[in-house]
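Since the structure comes first, as structure tokens, the remarks are kept for the end.
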Amino acid sequence: MPVALSIAGFDPSGGAGLVADIKTFTAFGCFATAAVTSLTFQNTTGVFGAVNQSAESVRAQVLPVVEDFQVDCAKTGMLPTREVIEEVARLFLETQLPAPVVDPVVRSTSGYDLIDDRALRSLVEKLLPLARVLTPNIPEAERITGLRIRDEKGMLEAARIMREMGAKAVLVKGGHLEGEALDLLDDGGTIRAFRSERIETTSTHGTGCTLAAAIAAGLGHGQSLQSSVAAAKLFVTQAIRRAPGLGHGHGPINAVMSDK
């Protein structure tokens, strides 16, 4: 059984962050491990605050896992401060951890800024070059690149810029655009489009976390990046369709059971 590690924030409402990652790893047949970077205060209607962990506490969580298990895949989510980002980058450089799926979480679904510009610069400079794949949505890609993305051409240009920043591969998620649900993967200059029917719903809390965790799980099972992305996108689409309809805001998806 592949061992999967998530380094991310904790969402007490269970829709996003580590809880979503653990559900997804389990659905894909991985053994889930996790390190908390931030204790957030949120539910489906918004994020109301957070208590961030120190770089030292994040390192102290990760090292015992790495020393005891062979970690087969990893992903990062909310990394709230420059210090935490740089510590996480050091951990990937110093240990046998595999290149992570980096979900550059900068803003919540409800519009709450989760990291500042200083931390974002560190993420781009220190962690992005270590990633197997970077998975920004449109607002995240815009903030990283400075572009305004309005169509598929803009998504491709943003992906190219982020690869020039050092990312081996970039998956730009187009869920914020109109029309079909389009994600574009630039893997070393090889482009592949992943398309699916758009589902009209407000149950989208945790989709980015779930997608990144599912990609990591696929890589942990030895699949190619393209195959991992394809399986992850299908899984998220199914999880949106079977959303339980909980909460008064952007409800959680259902990443517990797979239709496969």
Subject >> Residue that is nearest to HIS248 (Cα to Cα) [pool: residues in the stretch 6-58 that are assigned to a helix (DSSP H, G or I) and out of contact with any strand residue (DSSP E or B) (no Cβ under 9 Å at 6 or more places or on another chain)] >> reply: ALA27
Original post:
Yes or no: MET162 surrounded by 15 or more Cβ atoms within 10 Å (Cβ to Cβ), farther than 27 Å from ALA239 by Cα and touching a Leu at 6+ places or on another chain (Cβ under 7 Å)?
Top reply: yes
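For LEU63, state whether it is under 21 Å from ALA89 (Cβ atoms), surrounded by fewer than 20 Cβ atoms within 10 Å (Cβ to Cβ) and either modelled with pLDDT of 95 or more or basic (Lys, Arg) (or both). Working first, answer last.
Working: under 21 Å from ALA89 (Cβ atoms): yes; surrounded by fewer than 20 Cβ atoms within 10 Å (Cβ to Cβ): yes; either modelled with pLDDT of 95 or more or basic (Lys, Arg) (or both): yes.
So LEU63 passes the test.
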**OP:** Please list, ordered by first then second residue, the pairs with beta carbon atoms under 8 Å, 6 or more apart or interchain, first in the stretch 213-226 and over 9 Å from VAL101 (Cβ atoms), second basic (Lys, Arg).
**Re:** LEU225/ARG132; GLN226/ARG192
Original post:
Which one of these does GLU142 not meet: (1) closer than 23 Å to LEU18 by Cα; (2) in contact with a Lys or Arg (Cβ under 8 Å, 6 or more places away or on another chain); (3) surrounded by fewer than 19 Cβ atoms within 10 Å (Cβ to Cβ)?
Top reply: (1)
Subject >> Candidates ALA158, ALA255, filtered to the one that is touching a strand residue (DSSP E or B) at 6+ places or on another chain (Cβ under 9 Å) and among the hydrophobic types (A, V, I, L, M, F, W, C) >> reply: ALA158
Subject >> Search result, residues across the stretch 160-219 that are in contact with a Ser or Thr (Cβ under 6 Å, 6 or more places away or on another chain) and either outside any strand (DSSP E or B) or on the phi > 0 side of the Ramachandran plot (or both) >> reply: ILE161, THR210, ALA212, ALA213, ALA214, ILE215, GLY218, LEU219
Original post:
Among all residue pairs at least 6 apart or on different chains, which show Cβ distances below 9 Å where the first residue, located in the stretch 65-81, is farther than 30 Å from VAL47 by Cα and the second is among the β-branched types (Val, Ile, Thr) and part of a helix (DSSP H, G or I)?
Top reply: VAL71/VAL65
**OP:** Check the stretch 130-140 and report whether any residue there is in contact with a Leu (Cβ under 7 Å, 6 or more places away or on another chain) and among the polar types (S, T, N, Q).
**Re:** yes
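Checking the conditions here, which among VAL36, VAL3, VAL51 is surrounded by fewer than 21 Cβ atoms within 10 Å (Cβ to Cβ) and touching a residue at least 40 places away in the same chain (Cβ under 8 Å)?
Numbers: VAL36 fails: touching a residue at least 40 places away in the same chain (Cβ under 8 Å); VAL51 fails: touching a residue at least 40 places away in the same chain (Cβ under 8 Å).
When all the criteria are applied, what remains is VAL3.
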**OP:** Filter the stretch 208-260 down to residues that are surrounded by fewer than 19 Cβ atoms within 10 Å (Cβ to Cβ), modelled with pLDDT under 95 and under 18 Å from PHE31 (Cα atoms) and give me whichever is nearest to the chain's Cα centre (by Cα).
**Re:** VAL256
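What tally of residues in the stretch 179-203 results from selecting those that are among the polar types (S, T, N, Q) and touching a helix residue (DSSP H, G or I) at 6+ places or on another chain (Cβ under 7 Å)? Please lay out each step first, then the result.
Let us first name the residues in the stretch 179-203 that are among the polar types (S, T, N, Q), namely 190, 196, 201-203.
The next check asks that each one be touching a helix residue (DSSP H, G or I) at 6+ places or on another chain (Cβ under 7 Å); those that pass are 196, 201, 203.
Counting residues in the stretch 179-203 that are among the polar types (S, T, N, Q) and touching a helix residue (DSSP H, G or I) at 6+ places or on another chain (Cβ under 7 Å) gives 3.
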**OP:** Please work out which one of (1) modelled with pLDDT under 95; (2) of a type in the set (Lys, Arg); (3) within 16 Å of VAL58 (Cα to Cα) is the condition ARG107 fails and give its number.
**Re:** (3)
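Scan the stretch 157-188 for residues that are among the hydrophobic types (A, V, I, L, M, F, W, C), modelled with pLDDT of 95 or more and over 24 Å from VAL88 (Cα atoms) and report the count. Spell out how you get there, then give the answer.
Keep residues of the stretch 157-188 that are among the hydrophobic types (A, V, I, L, M, F, W, C), which gives 158-159, 161-162, 165, 167, 169-172, 177, 181-182, 184-185.
Retained after the next criterion (residues that are modelled with pLDDT of 95 or more): 158-159, 161-162, 169-172, 184-185.
Going one step further and asking which of them are over 24 Å from VAL88 (Cα atoms), we end up with 158, 184-185.
Count: 3.
The values are calculated or read from the model by the stated rules, or taken from the named source; none is laboratory data. Owing to the predicted nature of the structure, the values given are computational and were not obtained by experimental measurement. Here Cβ is always computed from backbone atoms with ideal geometry, including for glycine, and neighbour counts include all displayed protein chains.
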